[in-house]
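J.: My structure is below; once you've seen it, I'll send some questions.
The values are calculated or read from the model by the stated rules, or taken from the named source; none is laboratory data. These numbers come from a predicted model, not from an experiment. Please note: Cβ atoms are built from the backbone with ideal geometry, for glycine as well, and neighbour counts cover all protein chains shown.
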Amino acid sequence: MKIKIVPSMMMLFISVSAAFAQEFRPTYRWFGDVRIRGEVDMRDFNQVTAANTVTLLRTRLGLEAIPIENVRVIVQARDSRVFGQERDAGGSFNTLSDSRNLDLHQGYVEINKLFADELSLRAGRMEMSYANERIIGTVGWHNVGRVFDGALVNVNLDCASFDLFATNVGEVQPYVPVATPTSVRYVRDVGFDFYGLYATLKKITDTKLDAYLLYQWDRNQTVLGKSDLKRYTVGSYVKGKQGSIDYEAEVAYQGGDRRGADVSAYLLTGAFGYSFPGSRLSRVSLGYELLSGTPVGETKYKTFDPLYATNHKFYGFMDYFIAIPANTGDRGLEDFVARATFALGDNLSANLWLHNFSYGQPVGGESALGQEVDIVASYRYNAKVAFELGASTFIPAHNMRVRFGGADAALWGYLSLMVTF
């Protein structure tokens, strides 16, 4: 009898021990980065004047916590500043002052397998990035970076993944912690919301295929009785590779209403690249982009707005066209671009871009804006430390000379140090 009991008790002990061993243990991880970038700025098309010089500092520190299974929390703080900007109460520069640049960059909770294995929810302040960031991106080059306040639901199926999100990008109704007859009176909602459905198809060999439907609603009324913006954007993005050839393309259409005017605008872009394995010249590519513009005298609004894109990646590093459509005067933008990538060593690479810019719609019979050349060398010191050196020039055509009042070639450059941890 005892011989039978002992093995049974041992098996029970092993089972209980295994159950405790499999109990979930919370995990915590710190992460962050520090980036220092110095810039030399002669973008005024006047080489008689001296260069402006600034140094930017961006510091981010985050905590990832998984307190229980399928629940993830991200809290990330950010400080963005320019060297030497601290001033005291009297307005004088003072190294003992505090400009209070600290802010919450991200703060969200993510719940996976919510009610179903395929469903997840993310809510709070978050970065959002889709495809190559031509429509929605994090703008990593910027000293602050873009985030959205809202909620995102993901449905992850075998055939496709779907993101459905709702964000608030302009709140005007006040938060009132203590109710009084005056403080809780109704304030008409003239805020700005941004909604989207983004789908990524799976199981297509060597090809990424996305489709999206986005909607912006700005309830402010510059024209009485008309919302400033009720605009939808529908589009598709494809990227693939066949042997040494790679390609990508994106098409999008915008419709709706903008300050009482009908919206009808489009984006067309495509690029082809060819890689040379084992060569110093590792890749070359040719691309074309067209953002439609509004002709002079047109009653419809035909200017394509790239929404929340990372424009620095696409329209020249000198950032003359970083804020489209404001920087193009609603005339749109056409860009022919060539790129060459060089592998100069195990940790050293360089890229060369050649842009030819024009308005999508002519101004005074002239469309040409000019040519920009960008050169960037990147050096990976180790797994956590990277250096980057960039230099650019812009040769202005008639429209840029008129806009800036200068005819010389513009110059700009930077040197950056990035440490991640």
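Per-residue answers, yes or no, for (1) within 24 Å of ALA211 (Cα to Cα); (2) polar (S, T, N, Q); (3) more than 19 Å from the chain's Cα centre (by Cα):
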| residue | (1), (2), (3) |
| --- | --- |
| ASN70 | no, yes, yes |
| GLY84 | no, no, yes |
| SER97 | no, yes, yes |
| ARG100 | no, no, yes |
| TYR130 | yes, no, no |
| TRP141 | no, no, no |
| GLY150 | yes, no, no |
| ASN154 | yes, yes, yes |
| ASP163 | yes, no, no |
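So that you can scan it fast, the table gives a plain yes or no per residue for (1) within 26 Å of GLY145 (Cα to Cα); (2) surrounded by 16 or more Cβ atoms within 10 Å (Cβ to Cβ); (3) of a type outside the set (Lys, Arg); (4) under 21 Å from the mean Cα position of the chain (by Cα):
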residue: ALA50; (1), (2), (3), (4): no, no, yes, no
residue: ARG58; (1), (2), (3), (4): yes, yes, no, yes
residue: ILE74; (1), (2), (3), (4): yes, yes, yes, yes
residue: ASP79; (1), (2), (3), (4): yes, yes, yes, yes
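J.: While we're here: Which residues, counting only those in segment 388-401, are in contact with a Leu (Cβ under 6 Å, 6 or more places away or on another chain) and of a type outside the set (S, T, N, Q)?
T.: Of everything in segment 388-401, those that are in contact with a Leu (Cβ under 6 Å, 6 or more places away or on another chain) and of a type outside the set (S, T, N, Q) turn out to be LEU389, ALA397, MET400.
J.: Taking only segment 320-363 into account, find how many residues are among the basic types (Lys, Arg) and farther than 22 Å from ILE136 by Cα.
T.: Result for segment 320-363: 1.
J.: Shifting gears a bit: Starting from residues that are in a loop (DSSP other than H, G, I, E, B) and hydrophobic (A, V, I, L, M, F, W, C), keep the ones in segment 182-203 and report whichever is farthest from VAL147 (Cα to Cα).
T.: Looking at the filtered set, the residue picked out is VAL184.
J.: Sort out which residues of segment 319-351 are over 19 Å from VAL363 (Cβ atoms) and touching a helix residue (DSSP H, G or I) at 6+ places or on another chain (Cβ under 8 Å), and write them in order of number.
T.: Hits for segment 319-351 are ASP319, ILE322.
J.: For GLY406, are the conditions met, namely being surrounded by 17 or more Cβ atoms within 10 Å (Cβ to Cβ) and part of a strand (DSSP E or B)?
T.: no
J.: Could you pull out the residue among ASN143, ASN168 that is loosely packed, with under 15 Cβ neighbours inside 10 Å and closer than 21 Å to HIS105 by Cα?
T.: Exactly one residue qualifies, and that residue is ASN168.
J.: Given the conditions (1) over 30 Å from GLN173 (Cβ atoms); (2) surrounded by 15 or more Cβ atoms within 10 Å (Cβ to Cβ); (3) more than 24 Å from the chain's Cα centre (by Cα), and given that PHE276 satisfies all but one, which numbered condition is not satisfied?
T.: (2)
J.: On to the next question. When you scan segment 413-420, do you find a residue that is loosely packed, with under 15 Cβ neighbours inside 10 Å, among the hydroxyl-bearing types (Ser, Thr, Tyr), over 30 Å from LEU214 (Cα atoms) and in contact (Cβ under 8 Å) with a residue 60 or more places away in the chain, even just one?
T.: For segment 413-420, residues loosely packed, with under 15 Cβ neighbours inside 10 Å, among the hydroxyl-bearing types (Ser, Thr, Tyr), over 30 Å from LEU214 (Cα atoms) and in contact (Cβ under 8 Å) with a residue 60 or more places away in the chain: present.
J.: For segment 345-361, give me each residue that is at pLDDT below 95 and not charged (D, E, K, R).
T.: GLY345, the sole residue that qualifies.
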